[in-house]
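First comes the structure, then the notes that go with it.
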Amino acid sequence: MPEFPGTLNSKLPRAGTTIFSVMSKLAADHQAINLSQGFPDFDCPELLVAHTHEAMRAGHNQYAPMPGILALREKIAEKTHDLYGCTYHPETEITITAGATQAIYTAIAATIREDDEVILFEPAYDCYEPAIELNGGKSVFVQLQAPDYAINWSTVKKLINHRTRMIIINTPHNPTGAVFSADDMLQLEKITKGTDILILSDEVYEHIIFENLRHESVARYPHLAERSFIISSFGKTFHTTGWKMGYCLAPKALMAEFRKVHQYLVFSCNTPVQHAVAKFLDNKDHYLELNAFYQAKRDRFNSLIQGSRFTLKPSPGTYFQLLNYEKITTEKDTDFAIRLTKEHGVAAIPISVFYHQPIYENMLRFCFAKKDETLERAAELLHKI
């Protein structure tokens with residue numbers, strides 16, 4: 001194919017292929033155990049698959065309504081009220097999306113204008129900044145404070161000005177596993193009170209939180225909920241990341257703007273899967289017991305790592321664990337992650353790539369949403385280093 005003959009000015013000149021794609025390809029090329037990209041290597045519930053087949057056979061194979069089938073939105077409204085005490089109207093305040101990343105982009109595209117500022121906490125999941133840049137906004141970064149990756153709210157307060165349009169939060173936090181406290185939410189409520197600042201709350205790991213910690217959804221806090229887009233994901237909750245099914249909650253006026261963009265991005269999402277998820281949500285034990293399920297995975301992986309040259313602090317949430325390798329090498333995490341994959345057969349994600357300017361803290365992120373035998377094989381290889 002001949003090259004494009006004209007001038008092409010990239011809208012994302014600094015962006016390349018995501019680290020997740022890079023490391024997963026590297027793992028495949030070298031037959032390494034892939035603990036980099038965040039997906040389970042075990043199956044989703046058989047009943048959920050059966051419900052999907054039933055929906056297909058019942059003829060639910062054409063376009064769903066633009067905001068999603070009402071039955072699913074009603075179940076989400078019920079679930080949100082039961083868990084967090086907040087009532088969202090299923091017809092006007094809930095929209096089904098093609099995964100959380102699409103929902104995040106849509107919320108940003110619907111509200112961020114040229115030169116608006118958006119406060120991000122880094123290390124930050126990598127889809128936030130490009131979405132802001134594509135829509136003419138400016139990212140303003142606040143570094144989380146290791147080792148707990150806590151937020152200095154006085155720093156945040158100093159960064160707020162008349163151009164601040166949005167603050168993006170993520171709890172439980174990818175990539176660090178940190179979890180917001182009730183005090184964090186109250187501090188956020190305090191600094192946004194009396195402003196027009198929006199909150200985008202990425203809560204895709206809401207059901208994966210450990211040690212009996214409570215998930216502090218913004219839905220618990222009325223003065224935050226009234227200015228917030230809440231994003232969640234069935235992919236994380238039901239082990240179906242490939243189905244790309246998520247949702248957004250927001251007050252009516254915000255959701256109206258969200259849907260204006262949503263309808264031109266995807267219009268609507270996978271119809272039989274929506275029917276299946278709506279039916280499967282009656283099995284409340286699945287998501288209510290997910291914390292215990294993944295805490296056992298975390299504890300299994302961490303116990304297997306004990307005695308290696310890696311050091312760790314147990315992750316409070318998500319299905320990721322950070323391992324510090326300073327006792328092994330002084331290499332940059334990007335270099336060590338590549339060598340770990342090629343020479344030792346285990347793929348992980350370097351944490352420095354989640355900063356707008358790389359910060360090297362000798363940390364790699366490992367996904368423990370894997371079968372026990374996968375974790376055991378990976379730990380065996382890590383012990384040999």
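Of the residues making up the stretch 137-158, not one is aliphatic (A, V, I, L, M), closer than 28 Å to residue 114 by Cβ and surrounded by fewer than 16 Cβ atoms within 10 Å (Cβ to Cβ).
The single residue among 258, 210 that is of a type in the set (A, V, I, L, M, F, W, C), more than 19 Å from residue 370 (Cα to Cα) and either surrounded by fewer than 24 Cβ atoms within 10 Å (Cβ to Cβ) or touching a Cys at 6+ places or on another chain (Cβ under 9 Å) (or both) turns out to be 258. Among the residues making up the stretch 164-191, those that are surrounded by fewer than 23 Cβ atoms within 10 Å (Cβ to Cβ), not in a strand (DSSP E or B) and not charged (D, E, K, R) are 181, 182, 185, 186, 187, 191.
Of note, residue 356 satisfies the criterion of being touching a residue at least 40 places away in the same chain (Cβ under 8 Å) and closer than 29 Å to residue 129 by Cα.
Filter the stretch 118-141 down to residues that are touching a His at 6+ places or on another chain (Cβ under 9 Å) and assigned to a strand (DSSP E or B) and give me whichever is nearest to residue 250 (Cα to Cα). So that I can check it myself, show each step before the final result.
Taking the stretch 118-141 and keeping what is touching a His at 6+ places or on another chain (Cβ under 9 Å), we get 120-125, 129, 139, 141.
If we keep only those that are assigned to a strand (DSSP E or B) too, we end up with 120-122, 139, 141.
Values: 120: 20, 121: 22, 122: 24, 139: 22, 141: 25 Å.
Going through the qualifying residues, I end up with 120.
Each residue in the stretch 15-60 was checked for being part of a loop (DSSP other than H, G, I, E, B) and more than 22 Å from the chain's Cα centre (by Cα), and 6 pass. For the stretch 241-248, the condition of being under 25 Å from residue 113 (Cα atoms) and among the hydrophobic types (A, V, I, L, M, F, W, C) holds for at least one residue. Residues in the stretch 302-348 that are over 24 Å from residue 208 (Cα atoms), touching a Pro at 6+ places or on another chain (Cβ under 8 Å) and among the basic types (Lys, Arg): 1 in all. In this structure, residue 105 qualifies as assigned by TED's automatic domain parsing to the domain that holds residue 135, in contact (Cβ under 8 Å) with a residue 24 or more places away in the chain and within 15 Å of the chain's Cα centre (by Cα).
Check 315, 303, 308 and return the single one that is closer than 30 Å to residue 222 by Cα and not charged (D, E, K, R).
Working: 303 fails: closer than 30 Å to residue 222 by Cα; 308 fails: closer than 30 Å to residue 222 by Cα.
Unique residue meeting the criteria: 315.
Among the residues making up the stretch 303-334, a single one is closer than 18 Å to residue 40 by Cβ, out of contact with any strand residue (DSSP E or B) (no Cβ under 6 Å at 6 or more places or on another chain) and of a type in the set (S, T, N, Q): 318. Does the stretch 81-102 contain any residue that is among the small types (Gly, Ala, Ser), out of contact with any Phe, Trp or Tyr (no Cβ under 7 Å at 6 or more places or on another chain), assigned to a helix (DSSP H, G or I) and surrounded by 16 or more Cβ atoms within 10 Å (Cβ to Cβ)? Yes: one or more hits.
Which residue out of 164, 80 is among the hydroxyl-bearing types (Ser, Thr, Tyr), within 13 Å of residue 249 (Cβ to Cβ) and assigned by TED's automatic domain parsing to the domain that holds residue 246? Full working, then the answer.
Numbers: 164 fails: within 13 Å of residue 249 (Cβ to Cβ).
The match here is 80.
Of all residues in the stretch 192-214, those satisfying the criterion of being in a loop (DSSP other than H, G, I, E, B), within 22 Å of residue 294 (Cβ to Cβ) and of a type in the set (Val, Ile, Thr) are 204, 208. The numbered conditions (1) assigned by TED's automatic domain parsing to the domain that holds residue 368; (2) modelled with pLDDT under 95 are all true for residue 40 except (2). Annotation note: of 370, 342, the sole residue that is among the basic types (Lys, Arg), within 29 Å of residue 128 (Cβ to Cβ) and either touching a residue at least 24 places away in the same chain (Cβ under 8 Å) or part of a helix (DSSP H, G or I) (or both) is 370.
The values are calculated or read from the model by the stated rules, or taken from the named source; none is laboratory data. Computed from a predicted model, the values in this text were never measured in an experiment. Ideal geometry is used to build each Cβ from the backbone, glycine not excepted, and the neighbour counts take in all protein chains shown.
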